[in-house]
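Remarks on the structure that follows.
The values are calculated or read from the model by the stated rules, or taken from the named source; none is laboratory data. Quantities reported herein were computed from a predicted structural model and do not represent experimental measurements. Cβ placement follows ideal geometry from the backbone for every residue including glycine, while neighbour counts extend to all protein chains displayed. Calculation scope for accessible area: heavy atoms of the full protein, side chains included, ligands and nucleic acids excluded. Shrake-Rupley method; radii C 1.70, N 1.55, O 1.52, S 1.80 Å.
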Amino acid sequence: MSWESLVGAIVSPVQAMKLALEEGKRGWGFVAPNPLVGCTIVDRDHRLLSVGYHAFVGGDHAEISALKKLGDTSKVEGAHVYVTLEPCAHQGRTGSCAKALAPLKPASVTYAVEDPNPLVAGKGASLLREAGVRCDHLRDRSDISTIERASLEAAAEELAEVFLHNQRFNEPFIGLKVAMSSDGMIASKTGEPRWLTGEKSREHVHWLRAGYDAVLVGRGTFETDDPALNIRHPAFPNYENHAIVVDPSGRSFSTLLSSNLLQSHEAENILVVVGDSAEMQSHFAKEAEAIGALDLLGVQIIKLPLDSSGEFAMKQMLGALYKAGIRSIMVEGGARTYGTFVRAGVVHRLHVYKAPMTIGPDAGLSWSGNFDEADLMKKVDNQTIQRERFSPDEYWTARLR
């Protein structure tokens, strides 16, 4: 049912916030590094007037979108505004939403999550209150049940999870995606390429990728599968994402020059993270021609020191990628790379596709062979699990605590 068909209908505060949440989802893949945000406006009798969402970077924020759809802004006087994230207080690519709402004199503005951006962080709410507009954090709405408030706030946190994590911790948000057989295998030990999941699951993966700045794989997966790691989904025909290859040994340079990766991306959107040590210098000298060619094309080569186990210090690597502008990463394999990220405790969301087939431990490679799967599953926030079926496969996703 479209929101237009509900215009004029009485909606409760809970329904109004749910409408805002649903609207916010429509910006998936188009708003990074900004947050997904939705807004609902109802009149003084709580009849639906308008909804809006942040549709693309540099475009109208959710509140402005809702106001424009409303047309006659005089209707906002005495009305109630529900927004998933605190209205912004500063001038960025667009003007301040709080300043746009204040002179229209709505009776109230309710937001589900405070914006942690230091340029906003409580300032949007204060600006509205100073203008005489009642402005409430959702958790302070005593007329809404405690359970509903908690559920709506959690949903709003999830809607803007990448942005919120970036602002709070200044590091990339990490999703881990795995496609596996029903017995937990991600490939055959022979390395023979094969699709485990069906076409609908693969299409959904491409939709998911659009919500992440970059897709990341380890060198083994890169060399075995020669993946494109791009986005092939009809909703994002011109979307150019980033691709990251984690290669501690620095063995991928020559392979990259003739790879699907280079054919599928602008070179500057490819990042290769390689080990840097005295022992590596002779290797870099041997690979000088390939490295020079990649550098000339614009491929970003990030050299970082390795620890005693031959791996990158995860926080240092993520810091380097964040500095390079990467705000969110979808880790897509292989088993060693999964293990590195899981053991470092930096995975924030799981995306799991399970195909109705078995491979067997003797013939297959387990996705959890490099970490304790039981320990990982203990970290799953059961309250956030969402399930979907992409026949014949099952998909589920959840946040990790």
(Q) Among the residues in region 53-67, are any at pLDDT 95 or above and in a strand (DSSP E or B)? (A) yes
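Looking at region 66-80 only, could you name the residues that are closer than 15 Å to residue 3 by Cβ and either more than 33 Å from the chain's Cα centre (by Cα) or hydrophobic (A, V, I, L, M, F, W, C) (or both)?
Correct list: 66, 67, 70.
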Q: Being in contact with a helix residue (DSSP H, G or I) (Cβ under 8 Å, 6 or more places away or on another chain) and assigned to a helix (DSSP H, G or I) is the filter; apply it to region 131-149 and report the residue that is surrounded by the most Cβ atoms within 10 Å (Cβ to Cβ).
A: 138
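Got a sec? Which of 47, 26 is within 19 Å of the chain's Cα centre (by Cα) and open to solvent by 10 Å² or more (accessible area, probe 1.4 Å)? Quick ask: steps written out before the conclusion?
Working: 47 fails: within 19 Å of the chain's Cα centre (by Cα).
Only one candidate passes the filter, namely 26.
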Q: Go through (1) surrounded by fewer than 24 Cβ atoms within 10 Å (Cβ to Cβ); (2) within 19 Å of residue 38 (Cβ to Cβ); (3) at pLDDT 95 or above; (4) in contact with a helix residue (DSSP H, G or I) (Cβ under 8 Å, 6 or more places away or on another chain) one by one and return the number of the condition residue 84 breaks.
A: (1)
Q) Does region 78-86 include one or more residues that are assigned to a helix (DSSP H, G or I) and of a type in the set (A, V, I, L, M, F, W, C)? A) no
Q.
Out of the residues in region 214-246 meeting the condition of being touching a residue at least 12 places away in the same chain (Cβ under 8 Å) and among the polar types (S, T, N, Q), tell me which one is most open to solvent (accessible area, probe 1.4 Å).
A. 224
Q | Extreme residue, nearest to the chain's Cα centre (by Cα), among residues of region 247-285 that are surrounded by fewer than 17 Cβ atoms within 10 Å (Cβ to Cβ) and aliphatic (A, V, I, L, M) | A | 267
Q. Limited to region 300-331, what total is found for residues that are buried (at least 16 other Cβ atoms within 10 Å of the Cβ), part of a loop (DSSP other than H, G, I, E, B) and either over 22 Å from the mean Cα position of the chain (by Cα) or at pLDDT below 95 (or both)?
A. 1
Q. Which condition breaks for residue 183 when tested against (1) touching a residue at least 40 places away in the same chain (Cβ under 8 Å); (2) surrounded by fewer than 15 Cβ atoms within 10 Å (Cβ to Cβ); (3) farther than 17 Å from residue 395 by Cα?
A. (3)
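With the structure loaded, tell me whether residue 372 is open to solvent by 20 Å² or more (accessible area, probe 1.4 Å) and under 18 Å from residue 185 (Cβ atoms) or whether it fails that test. Lay out the reasoning, then the answer.
Working: open to solvent by 20 Å² or more (accessible area, probe 1.4 Å): yes; under 18 Å from residue 185 (Cβ atoms): yes.
Considered against the rule, which asks whether it is open to solvent by 20 Å² or more (accessible area, probe 1.4 Å) and under 18 Å from residue 185 (Cβ atoms), residue 372 comes out as yes.
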Q) What are the pairs, 6+ residues apart or on separate chains, where a residue within region 349-371 that is within 30 Å of residue 172 (Cα to Cα) has its Cβ under 9 Å from a residue that is at pLDDT below 85 and surrounded by fewer than 17 Cβ atoms within 10 Å (Cβ to Cβ)? A) 355/195; 365/188; 365/189; 365/191
**Q.** Given (1) under 21 Å from residue 16 (Cα atoms); (2) under 31 Å from the mean Cα position of the chain (by Cα); (3) of a type in the set (D, E, K, R), number of the condition residue 105 does not satisfy
**A.** (2)
